[in-house]
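I have placed the structure first, in the form of structure tokens, so that the comments after it can refer back to it.
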Amino acid sequence: MIQEYLNNVWNISLELAPWLLVGAALSGMLHGFLPKGFVRRHLSGRMGVLKAVALGIPLPLCSCGVIPAGLGLKKDGASDGAAVGFLIATPQTGVDSMLVSASFLGWPFALFKVAAAAITGIVGGLLTDRGLPEQEVLPLENEGPRPTAKQMLEHSIEMVQSIWGWLSIGVLISAALTTFLPPDALTGLSANGGLVAMGAALLISLPLYVCATASVPIAAALVAAGLPTGAALVFLMAGPATNIATLGAVYRTLGKTPLVIYLSTIVGGSILFGLLFDGLIPIESIVQVSHEHVGPVSIASAVLLIGMVAWFAFSDARLAVARLGQGLGGAAVTTKLELNVQGMTCGGCARKVEKGLLAVEGVDGVTVDQPAGRVQVSGSIDSLSVIQAVETAGFSAQVRTPGLALHVGGMTCGRCASKVKVKLGELDGVQGVEVDLDEGIVRVIGPVSMDQVTVTVAEAGFAPGAEI
């Protein structure tokens, strides 16, 4: 049984590795070749969601391959909705998947699946942009030098590094399901009704790594054994669009609300389209052919990916040991600096900043708050060496100056937050303004008095509260 489990781990690695590396490479190329500001101009707002889905539909990226590409778009300025739409629609389709689906299950099924993927992607993206506070539209940056080939490669590697943990968990769980779940476990459910079979297919496919192309023969075999075609559609929609790695990466990069919308859209959409397909286009016969993903490219890709994951694991373990050593060392803290760091968009960025700072002589401790863009550094240090280390890591930083925080009443949306930030940002001496809509808290960075802040907040139409 252990040997079978290890074989399944290897087989899943063979299936996902080429597409994951293709997705990472695509992310690096998009980062390097798209004009500066292109993503922010075109992949935001309602039309941005439509464009992101249209971009993803033909791409041959599977469930894990789409993660680095989609999150790379987000890192380059795409809205959360555009990223979610891309992540939902892209892994369900692709030219290769469509052709194989037509071969196994017929053109009506293949075209219906493409339409379902596009609609669920658009709906999920629009709901995401609607469900979140309106994102601040930043001015376009001036055109600068294009990233070099080395920088594009580093960008691609960073995309894989940011998800290696979730990726490993997904492969291990998928192999366990493949090993211990009987191959005919779902076929007996068709007698209890199509909805029950769809629910079972959904429960199996959600955590499983399912390649949109390689899973088609599985779906065809299930249909031939009596499973409703709608349940096969659920399997081919929810399986490629989700797995443990994708869910973890979406949560880590986009947050809880986009994850809930992402998952709800896939679950509800796959069931809805499964029922619709059963009612409209029942399939009477199935033509089965073999389709293998194994070859020299798959083997080389799997070996490379496993090597990369091992290196990332070793690097993170070494970093954890360094943290532990600092905690046990008991070195006297002579200086503590708090920095604003711009450009940290994922866990990989945070690790890169932390690693660079820990290499600075005299640093005893580093705490990185990636979502807030804040870093605390302690030890026998000076601000210049710390900022230089952050810049060497590829980010910009400035030392946070003392400020103040207060409760503000009446802020209910992103427009309110933007209005408060703009008004307070006009005060002399203000270096930054942070707004926490959920808690109703505003933090002003810079040498400014509370009287100035409360008067400005009131003039903006909101209720200044107690200082924190």
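If I take R0 = 60 Å and measure r between the Cβ atoms of Thr179 and Ser396 in this structure, what FRET efficiency does the formula 1/(1 + (r/R0)^6) give, to the nearest 0.05? Using R0 = 60 Å, I get an efficiency of 0.80. Taking amide H positions as modeled 1.01 Å from N, with prolines and chain starts lacking one, the residues under 5 Å from Gly432 and 5 or more places away or on another chain are Ile445. Model label sites at Glu361 and Met47, defined 7 Å from Cα along the beta-carbon direction, differ in position by 5.6 nm. Here the Debye sum runs over all C-alpha atoms of the stretch 330-399 as equal scatterers in vacuum, and log10 of I(q)/I(0) at q = 0.23, 0.25, 0.26 Å⁻¹ comes out as -0.91, -1.07, -1.16. Among Lys113, Lys336, Lys355, the order by Cβ neighbours within 10 angstrom, fewest to most, reads Lys336, Lys355, Lys113. The simple spin-label model puts a point 7 Å past each Cα toward its Cβ; for Arg415 and Gln376 those points are separated by 3.8 nm. Model label points for Asn7 and Ile299, set 7 angstrom from Cα along the Cα-to-Cβ axis, are 1.7 nm apart.
Quick note: the coordinates plus some simple rules give every number you see, no bench work behind them. Because the structure is a prediction, the values reported are computed rather than measured. No Cβ is skipped: glycine too gets one built from the backbone with ideal geometry, and neighbour counts run over all protein chains shown.
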